[in-house]
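Structure first, then comments.
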Amino acid sequence: MLFNTDRLVVQAGRPVEFVFENTDIMPHNFVVTRPGALAEVGNLAETFATQPGAAEKHYVPPAPAGAILLSSRLLAPLQSQQLRFQAPAQPGVYPYVCTYPGHWRRMHGALYVVADLDGYLENPEAYLAKNPLLAQDDLLKHIRPRTEWKLEDLAAAVGEMERGGGRNFANGRQMFTVATCAACHKLGGVGNEFGPDLTKLDTKLFPNTTEVLRHVLDPSLRIEDKYATYRLVKSDDTVVTGMILSEKDGVVRVIENPLAAATPKEVRTADIAGRTKGTTSIMPRGLLDRLSRDEVLDLLAYVRAAGDARHRLFQGGHDHHH
Ligand code: HEC
Ligand SMILES: [Cu+2]
């Protein structure tokens, strides 16, 4: 659920070609917007996803004229598409984003349109120092280096938090949306109820915050049957993947992404040549890798406290030792 690059650079006013390949296990698209329109297009996509006809439009929402400059088809895993594009004449930071339901807050990057591509390539930092390009979109201003958080990196701080509290409630609640948790979980009145209810975490499986963290870092460690995905290979060799909603009267109903309004695919049991249970959770890995240490801790406290501002994790002083 990420583009492999945070930044693409092209020469203003010139034709370019993007080759967009989906090497992930879920569908994605690629949409370029005008500077400043990322959140607007993302929010429109969220509303659009639940309306009929969204799938036919590849989940590219109807947007005000000029807001969307380019859009790909929705690519299934392993598909690719070549896209021709006339780079805008106006240098700037143009967002690109996947508008497939649940993805935009995380799956985006910055298309730098520069007046002199050779000059840029010679020395990107020096070029940008001389010809500053300011991002207008908040999400692109805050693109930070990715940290692949490991349990060991955070375990001590998590233990300290469990003993001493001192986390920031408002920040934790905000991170719940920023890190895309709200796309699938509902907590504190926001979000979709597509993953399990986090207010009812099984205390045997999640006796402490470290176990919550372990699951978020590696969601496929344990996938509840109810949320498993299946790969159905039909006798004509086509493949359908997704969660099985029901199976009766010789028909299996499969849904690829419960966040989208798409009607479930129906596959006749008699046409299924093979069926394998997926080993990958639909909850993506790496959701924390754009957050800082404090943001991760505030988010974990928010989940642990089930969205309760009065929880002891939010009490206590800020005795952080740096
Ligand atoms: C694309 C949907 C999706 C997103 C985004 C997502 N989750 Fe999940 N999450 C799930 C599903 C489905 C499960 C159950 C299957 C599994 O355990 O992998 C789950 C399971 C969990 C569990 C274990 C709950 C249990 O009862 O087993 C925790 C904790 C959790 N998610 C926290 C988070 C947090 C925190 C975030 C944001 C950083 C997040 N999730 C983002 C879909 C998602
Ligand atoms: Cu996507």
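The values are calculated or read from the model by the stated rules, or taken from the named source; none is laboratory data. Predicted, not measured: the structure shown is a model, and the values here were computed from it. Every residue, glycine among them, receives a Cβ derived from its backbone with ideal geometry; neighbour counts consider all protein chains shown. Accessible surface areas use protein heavy atoms only, side chains included; no ligands, DNA or RNA. Shrake-Rupley method; radii C 1.70, N 1.55, O 1.52, S 1.80 Å.
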Looking for whichever is open to solvent by 60 Å² or more (accessible area, probe 1.4 Å), in contact with a strand residue (DSSP E or B) (Cβ under 8 Å, 6 or more places away or on another chain) and at pLDDT 95 or above here; the options are GLN86, GLN81. Which one fits? GLN86
Residue list for the stretch 99-125, restricted to those being within 16 Å of ligand 1 (Cβ to nearest atom) and touching a helix residue (DSSP H, G or I) at 6+ places or on another chain (Cβ under 9 Å): THR99, TYR100, PRO101, GLY102, HIS103, TRP104, ARG105, ARG106, HIS108
Among the residues in the stretch 85-93, are any more than 27 Å from MET175 (Cβ to Cβ), away from ligand 2 (no atom under 15 Å from the Cβ), assigned to a strand (DSSP E or B) and among the polar types (S, T, N, Q)? yes
Do you know which residues across the stretch 1-36 are open to solvent by 30 Å² or more (accessible area, probe 1.4 Å), farther than 25 Å from LEU133 by Cα and outside any loop (DSSP other than H, G, I, E, B)? GLU21
Output for the stretch 166-194, where each listed residue is open to solvent by less than 20 Å² (accessible area, probe 1.4 Å), within 11 Å of ligand 1 (Cβ to nearest atom) and not in a helix (DSSP H, G or I): ALA179, THR180, LEU187
